[in-house]
Each structure stands twice: as structure tokens, then as C-alpha cells.
Amino acid sequence: MTRSITILGATGSVGEQTLDLVRRNRDDWRVVALTANGNVEGLARLAREFGAQIAVVADETCLDDLRAALDGSGIEAAAGSSALCEAASRPVDMTVAAIVGCAGLGPVMAAIEQGGTIALANKEALVSAGEVMTAAVARHGATLLPVDSEHNAIFQCLQGGRIEDVRFITLTASGGPLRLVEDLGSVTPEQAVAHPNWDMGAKISVDSATMFNKGLELIEAHHLFPVGLDRIRIVVHPQSVIHSMVEYRDGSTLAQLGPSDMRVPIASCLAWPQRMDTPCKPLDLAAIGELSFFAPDEQRFPATRLARAAAEHGGAAPAVLNAANEIAVAAFLARKIAFSRIPVVVESVLSNGELPAAPRTLEDVLRVDQDARRCATRLLEPA
Ligand code: NDP
């Protein structure tokens, strides 16, 4: 049976890998909407290849170019944030949410309001909106499937189990490319994005290097799997073979293993509750040889400590943490600040006066996000 699919952030790393799976199973899927920020050429190429109904760019200045690139194809072209939300609200069987950053929140919420199935890669949206998003999922009868490899692993380990029987959830972390680098102050963007195991977009690669990725994932796990924050642990596992684990009250620990290839968790979401083929290499444990585990070093990488504190505080704190991190990462990638300043900026924004009241609506979350961005930007200005 053919199913309809929309991919938000189609031109990115997760978007392209999703489309790689769709390409291999063309008869199973009908593509409705594909979106990007400003990559007109990439988006138009994909929209034509997959015969999308509509292609949308977030950047309104790109609309004329998108129209020109789609001329004669019969594919609708649109631009801007309300066009993104309109495209995301077209009813489909599956929405893959793969925009990077809180910019993806509006479209994800629009998809949730349709009550469909959302494969969520865009962790910043869930971190920022927290209960606002989970309440909307419940209210609209939507289904949220985690694409993030760790959360997808936990989701798989929970099949057939009861959340009340979970003693601990353990998120594994590769430790990123800088785990053993001594001088974090002189790290360049090129070094920070050179992840040893995964090939990902620039922002999440920097987040992996700072460990903010694991911090965001801790908050994400807290919303997806309600076991209590004190039951969610992090362990550094440099080989990225075990993607996460669930320990039950009887002492059994279930782990999900697989190659470091995002097409595995993406395929798990696309086919759920069944399974589908992927071109991923089979796991060769004898070739891998050893699996090792370490406690995270929160002195050198304070991100997980900051994220846990924000999650414990709740309310607006995770949205503030996320927004400050997005601004600091962008400044680092633009070579405006040192790598080691990223957590300093985030901590300064979090402790800059009273935190705003807990957001209750999407508009509240977006306001908190914008205010925290302004605060972080001010802190980055030269004195
Ligand atoms: P990329 O940077 O590779 O791609 C991001 C996508 O979002 C692109 O399509 C980009 O369009 C679009 N985009 C960027 N900014 C905006 C904006 N302001 N408005 C609308 N669209 C925008 O990111 P990744 O694919 O690496 O990551 C996407 C999400 O998935 C992130 O939240 C990340 O944390 C999560 N994730 C990623 C993994 C990975 O392996 N890459 C693994 C697990 C989670 P354009 O091309 O035009 O810039």
C-alpha cells in the first residue's frame, strides 16, 4: 500500500538519508511536501525527482529562484514560515521532522495538529516546547516516533515492556571528536565537526563535540520516556555500537546495537511497527573487537550538567538553554567565539536574571526562545 510522506528539512543530512530510503522503495511512498531553508537547487532537484506536491523554502527571498527552478514541473512553490506550517499541516501518513533548531517547532506543531505520525529528528523542537508539545500530541491523537538513534534504541528496547518496570535508561554518547583533546580553547570549527562515527549536519556535530547534544537528548528522553530524570543516565561509549539501553527492575538490561548509520533508526520509524530492508552494513562485532564505557567528564564538558539542571528546573529553562546554545554554536561556526565559550554563554544566559514563566502555548515557547536568543546575542557583543 502506498503511503504519503512529508519531509521537513529534506535537504539536510537526515532529510537526504530519509529520501535515500524512499528512493529504494519508490512504490511504497507518495511524497507530498519537501522543505528547506535556502538550498533552492537541492530542494528543486529532490522535489522533481520525487514528484512532490509542494516545495517550500523558509527563506522568503528565495521564492523567485524556487519558482524558476520548478518551472514546468507542476510542483507548487512557496516560501516563509507560514507556508512551511501550511505544508506541514497537509494530511499525510508520515511526517519526518528533520529541520535543525527551534526553527522546526512551528511546522512540527502544525503536523501534530493533524494527528498523524511524526518521525522526530528535530530534538530542539521537543526540548524547547516540552510539555506544550507532548500535550498537543495527546490532544490530537498524534504518534511521535523518535529518529534520534539513542531514543529510537530506547523505544525499541521498551517494546513489550512497561515503563513502570524500568529502573534506568542509559543514553550512550560517543564523546565526540574532542573527547581526548587537551586544549579546548583553540579548537577550530573543522575539528569540532569532524565526528569520528557519524556524518551529520554542522550544528549537531558541534553539539556532539560540546556534549550539548547529549544534554539535549537527556531532556528529549525525559519527555519521551516518563521515568524521572534521576533514572536517566549517560555513559560515554566511543564505538557508538550500543545506541542506548533500558534496565528493568528484575536486573535485565536490553540494548539496541547497530551500525553508525542514521538510515537504521529512520527505517525503524518509516516501517514501524514492521521492519524494512536497508542497505546498511551488517554489524561485525568480531571486527569491532571491543566495546568500552566511561563516565562523562562534566568538568571539561559541562553541557550535560547544565542540561540536567535545566530539565530539573523545568518550565522555560530548557527552551532558554536550547536558544542560547543555538546562538553560541552559530557564533562558533562563524569563528566569532572560541569553542570553550559555548557552555559559558549558555550558563550566563540561564543565570541572567529570573527565568521566564513556564510556557503554556506555542506562542509562549517562541517568545521565550526569541528573548533568550537576544540575551545570548547581547552577551556575545564586544564590550
Ligand atoms: P542539517 O543541517 O544537515 O539539515 C537541516 C535541514 O533543515 C536542511 O534541510 C535545512 O535547509 C533546514 N533548515 C535549516 N534552517 C532552517 C530554518 N531556519 N527554517 C527551515 N528549515 C531550515 O541538519 P541535520 O539533518 O544534521 O539535523 C536535523 C535535525 O535532526 C537536528 O535537530 C539534529 O539534531 C537531528 N538529528 C540529526 C542527526 C544526523 O545524523 N544528522 C542524528 C540525530 C538527530 P537548507 O539545506 O536549505 O539549509
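Read-outs throughout are calculated quantities, based only on the coordinates presented, and are distinct from any laboratory measurement. Please read these numbers as outputs of a predicted model, since none were measured by experiment. As a convention, Cβ positions derive from the backbone with ideal geometry for all residues, glycine included, and neighbour counts pool all protein chains shown.
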The size of the Cβ-based charge dipole (Lys, Arg +1; Asp, Glu -1) of segment 195-320 about the Cα centre, to the nearest 20 debye, is 160
1/(1 + (r/R0)^6) with r = Cβ-Cβ of L333 and S82, R0 = 30 Å, i.e. FRET efficiency to nearest 0.05, evaluates to 0.60
Per the Kirkwood formula over distinct C-alpha pairs, the hydrodynamic radius of the chain in angstrom is 21.2
Interchain or sequence-distant (5+) residues whose placed amide H lies within less than 5 Å of the amide H of I75 are none
Close lysine pairs (the chain; alpha-carbon distance under 19 Å; 8 or more apart or on separate chains) counted at 4
The exposure ranking of H195, H140, fewest beta-carbon neighbours within 10 Å first, is H140, H195
Output for segment 346-383: GluC sites (Glu not before Pro) sitting in coil per DSSP, at most 14 other Cβ within 10 Å, listed by number, reads E354
The longest stretch of the chain containing none of the trypsin sites (Lys or Arg not before Pro) that sit in a DSSP loop with at most 10 other Cβ atoms within 10 Å is 1-161
What helix-only [θ] at 222 nm does the chain give? Using -39500 (n - 2.57) per DSSP H run of at least 4, over all residues, to the nearest 500, the answer is -13000 deg cm²/dmol
Row for segment 71-190, column shape: gyration tensor on C-alpha, a ≥ b ≥ c, rounded if a/c < 1.5 i.e. under 1.5, prolate if a/b over b/c, else oblate; value oblate
Between the residues A192, T304, V57, the Cα farthest towards the positive end of the dipole of the chain, that dipole coming from +1 and -1 charges on the beta-carbon of Lys, Arg, Asp and Glu, is from T304
With +1 on the Cβ of every Lys and Arg and -1 on the Cβ of every Asp and Glu, the dipole magnitude of the chain about its Cα centre, in debye rounded to the nearest 20, is 240
